[in-house]
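Structure record follows, encoded as structure tokens.
What follows draws every value from the coordinates through simple rules; no lab data is involved. A quick note: this is a predicted structure, and the numbers were derived from the prediction, not measured. Ideal geometry is used to build each Cβ from the backbone, glycine not excepted, and the neighbour counts take in all protein chains shown.
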Amino acid sequence: RAMLRANAAARSTIWKDGDGGIDPCTATDEANERLVVEGLLRAFPDHRVIGEESCSSSGVIPRLDCDACTWIVDPIDGTQNFVHGLPCSVVSIGMAVRGVPQLGVAYDPYRDELWVAAAGQGAFLNGERLGLVEAPALGGDLSSVTVLTDLGYERGPTAAPLARLYAALLRDNVR
């Protein structure tokens, strides 16, 4: 709900990578993360939680604990969209058991859609099981494929493999 009601102050941005940066964090990111982490720890006090914003502020990305259930939280997945008022961001939560992903949850407050997938259990949208769609045989022809992607926050030499991937996709005429 905080994402829906956010005013300019709630969207005001600090840059994790310094002034003139490209990796934003808002007051709403921080408030969402606090809310989710507190709720998870209240429900599961023996579990670990890794939050994107707390990791950014500490400068340390913890390793997945192989002896405990670990929740991974992105309080606003799509912060750039949120900052610019584009209603295309979600709250993303994952859970790994002994380092292996088991559960993924994404909530889209703009559409009131809750997406859930659990290992071996299938995927659901607002409680309704999603069916499988048979993928057509492509035979190397990607011209009928739609690819959605995000540049992310990689810049400089580390972005070169991503740039090569984009070039290959464009060469293969993907949509």
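Note down the nm distance, to one decimal, between modelled labels 7 Å out along Cα→Cβ at Asp46 and at Thr146.
Computed distance between label sites Asp46 and Thr146 equals 4.5 nm.
Figure the gain on full extension for Ala168 and Leu138 (residue separation times 0.36 nm, minus the Cα-Cα span) and round it to one decimal in nm. Walk me through the intermediate numbers first.
Values: separation 30, 0.36 × 30 = 10.80 nm, distance 1.60 nm.
Taking Ala168 through Leu138 to full extension adds about 9.2 nm, to one decimal.
Pull out the extension gain between Asp23 and Glu113, defined as 0.36 nm times the separation in residues minus the alpha carbon to alpha carbon distance; nm, one decimal.
That pair, Asp23 and Glu113, stretches by 29.8 nm at full extension.
Between exposed GluC sites (Glu not before Pro) in the chain, where DSSP calls loop and at most 13 other Cβ atoms lie within 10 Å, what's the longest gap?
1-133
Averaging over all projection directions, find the projected area of the Cα convex hull of the range 75-175 and quote it in nm² with one decimal place.
Mean projected area for the range 75-175: 9.3 nm², to one decimal.
Across the range 88-94, in residue order, what do the Karplus-derived ³J(HN,Hα) couplings come to in whole Hz, using 6.51 cos²θ - 1.76 cosθ + 1.60 with θ = phi - 60° and x for Gly and Pro?
Karplus values, whole Hz, x for Gly and Pro: 9, 8, 9, 9, 10, 9, x.
Given the C-alpha centroids of the range 114-175 and the range 67-99, what is the distance between them in whole angstrom?
The distance from the Cα centre of the range 114-175 to that of the range 67-99 comes to 18 Å.
Name the trypsin sites (Lys or Arg not before Pro) in the range 32-98 that are in a loop by DSSP and that have at most 12 other C-beta atoms within 10 Å, would you?
In loop regions of the range 32-98 (DSSP not H, G, I, E or B), the sparsely surrounded trypsin sites (Lys or Arg not before Pro) are Arg63, Arg98.
Through the Karplus equation 6.51 cos²θ - 1.76 cosθ + 1.60, θ set to phi - 60°, convert the phi angles of the range 69-76 into ³J(HN,Hα) values in whole Hz; use x for Gly and Pro.
Those phi angles translate into 6, 10, 9, 10, 10, 10, x, 9 Hz.
In nm, to one decimal, how far is the modelled label at Leu35 from the one at Asn126, with both set 7 Å along Cα→Cβ?
Between Leu35 and Asn126, the label points sit 2.0 nm apart.
Please build a GNM for the chain, connecting alpha carbons under 10 Å apart, and tell me which residue among Gly104, Gly85, Gly18 fluctuates the most.
Checking each option, the largest mean-square fluctuation is seen for Gly18.
Given labels modelled 7 Å from the Cα in the Cβ direction, how far is it in nm from Ile14 to Ala159?
Output for this residue pair reads 2.5 nm.
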